[in-house]
Amino acid sequence: MSELISTPTSALSEPLLLLDEARAQRNLERMVARAAAAGVRLRPHFKTHQSHAVGRWFRAAGCQAITVSSLAMAEYFAADGWSDITLAFPFHRGMRDRVQALAQRSSFAITLADPAALGGVHFDNPIELWLKIDVGSHRTGFEPDDLPALRELVAALGQREHIRLRGLLAHAGHSYAARGPAAIARVQHDSLQTLTALRDALSQTAGPLALSIGDTPGCSTHDAFPGVEEIRPGNFIFNDLSQWQIGSCAIDDIAVAMACPVVARHPRRGQLVVHGGAVHFSKDAMDFDGQRVFGLAVAADGRGWSTLRPELRLVGLSQEHGIVQAPAEVIDTIRPGDTLLFLPVHSCLTADAMGGYQTLTGERLSMMARIGAP
Ligand code: PLP
């Protein structure tokens, strides 16, 4: 019998996403303490877990404000009593009616990444608005050096009925390319410098503006966020191999693992096949030891999982199959129906793909259902 055979269930019929609540609660406590010590509001991004049950852990820890990445997510959490929500995804006119409805029952903020997105849109009740600033990830957002255009925009927003400009919002997603605390600190420092300078320049036209930042690498490794009103990390609640590789968490801080049944052994090519493919893990991969991997195994310890087993790596994914590279002596100990545990590369996408969790005590936690746009 292999030590990698998991014990949460005797023999799994299908892949299962395991959630170690104690680790997640520890990650949460640390971030809550970090935000409190720095004097900033923690407005966690709930796109990572998308679960009422996990959201309630945040509420119990004192969080009152949240970030979401879709209207469906905003509606799902509003239905569970969250009443201070920021949609940190660019607004467009197709969102107007649902935003209006959300703003009638909660304090609701939208994010603007293009001035034309508000063209022809009128709100009947107060909506808060953040300007999305591109601090270097080049995903979307206003370019911070385009001061004339931004001044014109904030002046125009000042004339709009029911729109209240809250401030500047950024996600320094390029911190994911950093390796180690010094590299993360450089991204954080440069982003904050850019935002502070822009805020000071625009405040002459717009009045006081707040700063909202948030990426797990920056928020997990800094004790101070000078000039910032709120931070919006999300991934930290689970962490994953990407955060570990960046240097923003330890292996022991990763709170989710995929349990995958072995379906076939291929000793001649040094591989195993597990039930666990792209529809379970997502296609996010990382470079590890010169190889592209989609997950790394961890040893099950009877209560959950412990040490990393980097010699067992998920090196290929098709829709349902996962190809695991494994040493011959490990393959020898494994039989179809045994379960291997893998830490995911990107926990947000793996959780989204799996649609729910099982805690180590066997409790099933559901996530928001995916429904099409009304
Ligand atoms: N804010 C915005 C706008 C984001 O897009 C994200 C993540 O993509 C976050 C906050 C949370 O960042 P992280 O996933 O690094 O915790």
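The values are calculated or read from the model by the stated rules, or taken from the named source; none is laboratory data. Here the structure is a predicted model, which means the values were calculated and not measured. Glycine also receives a Cβ, built like all others from the backbone with ideal geometry; neighbour counts cover every protein chain displayed.
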(1) out of contact with any helix residue (DSSP H, G or I) (no Cβ under 7 Å at 6 or more places or on another chain); (2) in a loop (DSSP other than H, G, I, E, B): which one isn't true of residue 59, the others all being true? (2)
Which helices (runs of 4 or more DSSP H) does the range 232-343 wholly contain that include 2 or more residues that are at pLDDT 95 or above and over 30 Å from residue 177 (Cβ atoms)? 328-331
Of all residues in the range 211-230, which are part of a strand (DSSP E or B) and either near the ligand (Cβ under 9 Å from one of its atoms) or over 14 Å from residue 41 (Cα atoms) (or both)? 212, 213
Quick one: which residue in 85, 163, 127 is under 19 Å from the mean Cα position of the chain (by Cα) and of a type in the set (A, V, I, L, M, F, W, C)? 85
The residue from 168, 157, 150 that alone is in contact (Cβ under 8 Å) with a residue 12 or more places away in the chain and within 15 Å of the ligand (Cβ to nearest atom) is 168
Within the range 117-124, identify whether any single residue is within 16 Å of the ligand (Cβ to nearest atom), more than 19 Å from the chain's Cα centre (by Cα) and not aromatic (Phe, Trp, Tyr), and answer yes or no. yes
Hey, any hits in the range 2-15 for a residue that's surrounded by fewer than 20 Cβ atoms within 10 Å (Cβ to Cβ), without any contact (Cβ under 8 Å) to a residue 40 or more places away in the chain and within 16 Å of the ligand (Cβ to nearest atom)? no
Output the residue which, of all residues in the range 39-56 that are away from the ligand (no atom under 16 Å from the Cβ) and in a helix (DSSP H, G or I), is nearest to residue 223 (Cα to Cα). 56
Breaking point among (1) surrounded by 18 or more Cβ atoms within 10 Å (Cβ to Cβ); (2) within 16 Å of the ligand (Cβ to nearest atom); (3) not aliphatic (A, V, I, L, M), for residue 114: (1)
Where residues in the range 171-199 are out of contact with any helix residue (DSSP H, G or I) (no Cβ under 7 Å at 6 or more places or on another chain) and part of a loop (DSSP other than H, G, I, E, B), which of them is farthest from the ligand (Cβ to nearest atom)? 180
